[in-house]
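Please read the structure below before turning to the comments.
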Amino acid sequence: MLVAEDDHISCYHIFPLRVPEEYRAAVCEFITRANYDLKYGNFEMDFNDGELRYKLLLTEHNFMQKDSVALANMKLLMFIGMQSWMRYGNSIVDIMFGKSDGKAVKDMVKQCEQAVE
């Protein structure tokens, strides 16, 4: 979902499932830990209804350029959001269904990343 503001465009990648109330604290812990390491964008969760999304911003400077540059920047927003869900989505689902907690999953993701490096 794209939302145009006065000086930026927000790009939201909304997760198709709602986080069950009993797992919202654990998911919140996980996304807080994940957000600390992210360079672009961040995860957000609505504690009221369990909506989970990934948000990126494109500033006015980046979208008020030539059409081809603006389009490339929009594609980059979509790609980064999809990559973030691919990287963290399975871990979030594990927490949502009670298979793990936020810290354990984040530690596991970090170990996998270090093994690849």
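The values are calculated or read from the model by the stated rules, or taken from the named source; none is laboratory data. The structure presented is a predicted model; accordingly, all values stated were derived computationally and were not measured. Note: ideal-geometry Cβ built from the backbone for every residue, glycine included; neighbour counts use all protein chains shown.
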Subset of region 11-58, residues among the hydroxyl-bearing types (Ser, Thr, Tyr) and within 17 Å of Trp85 (Cα to Cα), comes to Tyr12, Thr32, Tyr36, Tyr40, Tyr54
Per the list (1) loosely packed, with under 11 Cβ neighbours inside 10 Å; (2) over 12 Å from the mean Cα position of the chain (by Cα); (3) modelled with pLDDT of 75 or more, residue check on Asp37 breaks on (2)
Given the condition at pLDDT 85 or above, of a type in the set (A, V, I, L, M) and touching a Leu at 6+ places or on another chain (Cβ under 7 Å), answer yes or no: does some residue in region 41-54 qualify?
yes
| Within region 67-77, is there a residue that is closer than 23 Å to Met96 by Cβ and either aliphatic (A, V, I, L, M) or modelled with pLDDT under 85 (or both)? | no
Checked region 79-117 for anything at pLDDT 85 or above, touching a helix residue (DSSP H, G or I) at 6+ places or on another chain (Cβ under 6 Å) and either of a type in the set (Gly, Ala, Ser) or exposed (fewer than 13 other Cβ atoms within 10 Å of the Cβ) (or both); matches are Ser91
Pairing a residue in region 24-51 that is on the phi < 0 side of the Ramachandran plot and without any contact (Cβ under 8 Å) to a residue 60 or more places away in the chain with any residue that is surrounded by fewer than 20 Cβ atoms within 10 Å (Cβ to Cβ) and among the β-branched types (Val, Ile, Thr), where Cβ atoms lie under 6 Å and the two sit 6 or more apart in sequence or on different chains, gives Tyr40/Ile80
